[in-house]
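See below for the structure under consideration.
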There are 2 protein chains.
Amino acid sequence: MRRLPLTVLAASLILAVGNASAATQTTIPAAAVKAAEQLRDKAMNDNTSYQIVESLTTEVGPRLAGSPADQRGREWAIAKFKALGFDKVYTEQVSYPLWERRSEHAEIVAPFPQPLALIALGYSSGTPKGGLTAEVVRFDSLDALNKADPASVKGKIVYVDARMERHKDGQDYAIGSAIRVGGPVIASKMGAAAFLLRSAGTDAHSRTPHTGVTGFKDPKEAIPAAALSNPDADQLTRVLAFGKPVSIKLDLDCGITGTYTGANVIGEFTGKKHPEQIVAIGGHLDSWDPGTGAIDDGAGVAIAMAAAKLIGDMPQRPDRTIRVIAFANEEMGLWGGKAYAEKHGADVAKFQLGTESDFGARKVWRMSASVKPEARGAIEQMAQVLAPIGVAYDAKMAGGGGSDLSQMHAKGMAALSLTQDGTDYFDFHHTANDTLDKIDPKELAQNVAVYAAFSYMAAQANGDFGSAAGAFANDAAED
Amino acid sequence: MRRLPLTVLAASLILAVGNASAATQTTIPAAAVKAAEQLRDKAMNDNTSYQIVESLTTEVGPRLAGSPADQRGREWAIAKFKALGFDKVYTEQVSYPLWERRSEHAEIVAPFPQPLALIALGYSSGTPKGGLTAEVVRFDSLDALNKADPASVKGKIVYVDARMERHKDGQDYAIGSAIRVGGPVIASKMGAAAFLLRSAGTDAHSRTPHTGVTGFKDPKEAIPAAALSNPDADQLTRVLAFGKPVSIKLDLDCGITGTYTGANVIGEFTGKKHPEQIVAIGGHLDSWDPGTGAIDDGAGVAIAMAAAKLIGDMPQRPDRTIRVIAFANEEMGLWGGKAYAEKHGADVAKFQLGTESDFGARKVWRMSASVKPEARGAIEQMAQVLAPIGVAYDAKMAGGGGSDLSQMHAKGMAALSLTQDGTDYFDFHHTANDTLDKIDPKELAQNVAVYAAFSYMAAQANGDFGSAAGAFANDAAED
């Protein structure tokens with residue numbers, strides 16, 4: 001049985017008690033609805049978002065947090081915000097451990113010598129100079145690893161071999177990411193020499209392994225940890241099936257080298273009536289390094305910038321401020337999002353509504369919201385504007401606010417979730433194949449239409465969506 | 001206009017003059033046709049071929065000619081022939097230049113620093129230690145490079161950027177392979193510092209570049225030469241479109257280090273009536289190194305071994321010998337095929353009929369033949385046995401004998417072409433993605449059915465197919 005998320009229960013509860021009087025209802029004025037429809041239609045035929053993501057991925061390329069390209073990414077974002085005519089452009093510092101990838105190699109040493117394609121995971125330690133050779137012990141799930149006798153893995157290379165299948169909502173990433181984040185920590189505690197997993201990815205036939213962060217919190221607990229591509233995992237599993245001891249040599253040159261201070265880069269169009277009230281949208285500026293971070297998350301940055309730009313191009317500024325945040329170092333632990341929430345969490349009530357785009361560049365097909373009951377009508381007004389471009393409103397589901405902005409949502413910010421079609425997202429996610437050619441300009445434009453329309457309506461609403469310190473605590477706990 | 005190949009004209013001419021008397025016609029006895037039908041049907045449900053290619057690609061893995069794995073590949077082939085019960089198993093030496101790949105890296109230095117995914121080509125020289133940095137000059141075809149002023153490319157990195165599209169018969173490989181083989185030689189003659197091409201491959205979205213051989217005949221003329229993956233070529237082309245000078249740093253550690261002596265590995269079931277007369281089938285045992293050589297050409301070796309094995313399992317040996325040749329070093333210049341033809345060319349008349357499988361593991365959809373006019377009827381008998389499993393006989397097209405066996409065909413061996421569906425072959429060809437998961441066991445089994453049925457009929461034929469010194473000179477010249 002699939003577990004019913006608490007979020008659904010919480011949302012239902014909110015609906016059930018949502019019989020507040022008409023006087024306190026938040027609504028979107030008819031003129032704002034009409035303007036949002038125009039923004040939507042204009043966005044569908046506008047390729048600004050594609051030009052932005054093309055510019056970022058071409059002129060900066062991969063943007064591993066803390067790398068020289070990370071700095072170039074910030075410079076690019078500042079310049080792009082200014083070129084697009086944002087009223088205010090500024091940065092807010094974000095500090096985090098600096099993890100560097102230098103090189104990585106692996107080979108089966110015995111019984112059948114051959115190289116393996118793999119990639120080190122974030123916060124992995126390096127192997128000793130010259131590499132590490134050890135026997136492999138395979139597990140088919142995190143559960144199986146958890147139940148193993150530590151004596152059976154001590155000094156060995158733990159290999160967790162679980163497959164992800166494609167789903168529109170990407171649900172199997174729960175399996176893959178749990179193994180990638182938690183597996184290395186468990187293996188380390190059990191005394192394993194290193195950790196390998198079958199990539200958390202759905203591309204069954206591609207030799208491009210998927211990197212991603214581990215759960216190592218302290219460099220002292222880190223062991224070498226890496227992901228095999230799916231065909232390499234198939235190969236290792238086949239070799240293990242011969243029943244002979246299998247040894248692998250790992251040579252990873254990577255690790256934490258210090259602390260780095262980067263920044264969230266922020267641009268905004270200032271509201272004319274309530275400049276202090278914020279509609280917050282964004283994406284993250286950093287990317288993993290094997291690809292150019294096109295779908296993760298150049299697209300998110302481009303969608304938010306282009307949506308705000310459409311609003312900024314209107315004859316008048318909106319009532320409230322439209323703020324676009326290009327977050328720092330989402331990939332290695334939501335560092336930008338956490339820093340933002342720490343700095344602005346006390347002012348959460350000023351955040352009208354927010355959400356971040358960080359699930360690729362396919363069409364948005366679903367909207368859900370975490371808002372106060374009195375704002376459900378306004379959300380339904382948004383849903384009516386978005387329905388003609390393929391967005392279905394799920395009133396029973398919470399809105400999480402996306403990756404970094406989940407941290408503001410946890411503080412009490414009213415939030416949406418705008419879910420893209422993720423069927424092929426985990427084919428490319430965190431791999432060398434996350435490149436511009438994976439983005440369809442028309443699908444990207446549909447995202448901009450969604451973001452421009454909802455942002456404008458939120459900015460023009462009569463009333464708020466319920467942001468307050470501690471609001472949405474029940475569903476935030478689930479996100 | 002597409003040029004009408006001479007082969008078609010030659011075949012038509014042969015048909016036109018093919019009114020020889022019934023007495024001299026080569027025919028397949030009815031009992032042999034019936035037995036071939038049974039072999040065909042048995043093969044369609046036999047997975048020996050898949051087990052063979054699984055064993056080769058798992059237990060040996062990549063098999064670059066001259067590498068330690070090349071030697072292991074020969075040992076594997078000898079052991080496998082013996083395990084399958086072949087009557088005779090032996091090797092014949094093949095010598096060739098030993099080219100080694102050690103490492104390869106590339107990056108755009110200016111104007112937008114970022115890494116590029118590329119792979120060195122066979123016989124490429126290495127760059128000077130520490131790498132080579134030079135400006136890039138782009139050409140959209142080999143023609144354009146040929147017409148360039150040598151002064152404009154001297155000291156620069158020549159980049160030829162032409163796309164291949166998918167076709168069932170793989171026809172665009174003519175474009176890609178011409179650039180890969182000929183481009184480096186032209187660039188070297190013009191004084192270029194290095195050569196890059198957009199991969200000769202049809203996978204538009206994969207960061208797995210396609211290696212392959214160049215036309216360098218003498219190490220002294222070799223320059224560093226490498227292929228960019230399609231998305232990397234897209235990226236470089238986008239960067240060049242900014243109109244600023246683009247410089248790339250190449251660091252290739254590879255080159256010719258001496259001469260190597262390997263071997264063709266041969267297994268046969270000895271004919272009981274005419275043991276000296278040979279039906280020759282095969283594949284090549286070497287592979288490029290980034291993948292495990294599953295479709296190129298573990299499949300070919302497996303198809304030929306499994307087809308012969310089915311014949312060897314019959315209650316009696318066939319009239320003529322069924323010989324399976326696992327050729328050495330096809331990839332870097334048909335070295336195994338040339339050595340074979342040099343050794344056995346004088347005896348070409350003893351080769352009843354032959355063909356090699358070296359175009360993947362999809363279903364065979366087309367058969368063509370280069371045989372004497374009096375043997376056309378026998379070929380039509382074969383076609384009737386193969387039609388029910390999807391093979392269409394093209395009577396107007398020559399048969400080339402496949403890659404290595406083209407060399408025996410050029411000496412005068414009667415030959416077939418059995419063409420697989422190559423629609424996705426050049427997605428994986430010569431890349432890291434040439435792995436076992438690309439093979440469908442059922443499609444592979446259809447190939448075995450084709451090879452077993454035709455081989456048996458050729459072995460039992462009343463009469464020959466026209467092999468003779470100098471026969472088929474017109475169409476061999478075209479292959």
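The values are calculated or read from the model by the stated rules, or taken from the named source; none is laboratory data. For clarity, every value in this text was computed on a predicted model and none was experimentally measured. No Cβ is skipped: glycine too gets one built from the backbone with ideal geometry, and neighbour counts run over all protein chains shown. These area figures cover heavy atoms from the full protein model, side chains too; ligands, DNA and RNA do not enter into them. Shrake-Rupley method; radii C 1.70, N 1.55, O 1.52, S 1.80 Å.
Tabulated values for the structure
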| item | result |
| --- | --- |
| Antiparallel bridge percentage (DSSP; both residues within segment A:347-479; nearest 5) | 65 percent |
| C-alpha center-to-center spacing [segment A:120-159, segment B:142-186] in angstrom | 46 Å |
| Reach of A:LYS88 by Cα under 17 Å, taken over lysines that are not fewer than 8 positions away in the same chain | A:LYS80, A:LYS272, A:LYS273, A:LYS309 |
| Flagged links, alpha-carbon separation over 26 Å, of A:LYS217/A:LYS411; B:LYS220/B:LYS338; A:LYS82/B:LYS156 | A:LYS82/B:LYS156 |
| Helical segments meeting 20 Å axial Cα length and Kyte-Doolittle 0.5 threshold in chain A (DSSP H) | A:173-189 |
| Viscosity 1.306 mPa s, temperature 10 °C, Stokes-Einstein D of segment A:176-310 from Kirkwood C-alpha radius, µm²/s | 86 µm²/s |
| DSSP-defined beta bridges in the protein assembly as shown - what % are antiparallel, rounded to 5 | 60 percent |
| Value of [θ]222 nm, deg cm²/dmol, for chain B, DSSP H segments ≥ 4, -39500 (n - 2.57) each, nearest 500 | -10000 deg cm²/dmol |
| Charge-dipole axis of segment A:347-470 as Lys and Arg at +1 and Asp and Glu at -1 on Cβ define it, positive-most pick from A:ALA445, A:ASN433, A:THR355 | A:THR355 |
| Cα centroid separation, segment B:380-424 to segment B:80-110 (Å) | 26 Å |
| Cα-centred dipole magnitude for chain B, charges only on beta-carbon of K, R (+1) and D, E (-1), debye, nearest 20 | 440 debye |
| Counting DSSP beta bridges with both ends in chain A, the antiparallel % (nearest 5) | 60 percent |
| Net charge of Cβ neighbours under 9 Å - reference A:ASN447; Lys, Arg +1; Asp, Glu -1 | +1 |
| Charge dipole (segment A:103-257, unit charges on Cβ, about Cα centre) - positive-most of A:VAL158, A:ALA225, A:LEU197 | A:VAL158 |
| Of A:PHE269, A:GLN235, A:PRO318, farthest towards positive along the dipole that unit charges on Lys, Arg, Asp, Glu beta carbons give segment A:231-331 | A:PRO318 |
| Per-pair calculated FRET efficiency, R0 = 41 Å: B:ARG166 and A:ASN146 via Cβ, rounded to 0.05 | 0.35 |
| Under 17 Å from the Cα of B:LYS129 - lysines, other chains or at least 8 residues apart | B:LYS249 |
| Averaged over A:224-234, number of beta-carbon atoms from partner chains that fall within 10 Å | 2 |
| Where B meets A: accessible area buried, both sides, 1.4 Å probe, Å² | 2200 Å² |
| Dipole magnitude of the protein assembly as shown about its Cα centre (Cβ charges: Lys, Arg +1; Asp, Glu -1), debye to nearest 20 | 20 debye |
| Calculated label separations, B:LYS273, copies of the chain, 7 Å along the beta-carbon direction, nm | 9.9 |
| Cβ-based net charge around A:GLY176, under 10 Å, with every Lys or Arg adding one and every Asp or Glu removing one | +2 |
| Candidate aspartates and glutamates for bridging to B:LYS372, where Cα separation is under 18 Å - those fewer than 8 sequence places away on the same chain excluded | B:ASP347, B:GLU380, B:ASP394, B:ASP464, B:ASP475, B:GLU478, B:ASP479 |
| At R0 = 51 Å, FRET efficiency that the Cβ-Cβ distance of A:ASP41 and B:GLU380 yields, to 0.05 | 0.20 |
| Summed residue charge, Cβ within 14 Å of B:HIS274's Cβ, Lys/Arg positive, Asp/Glu negative | +1 |
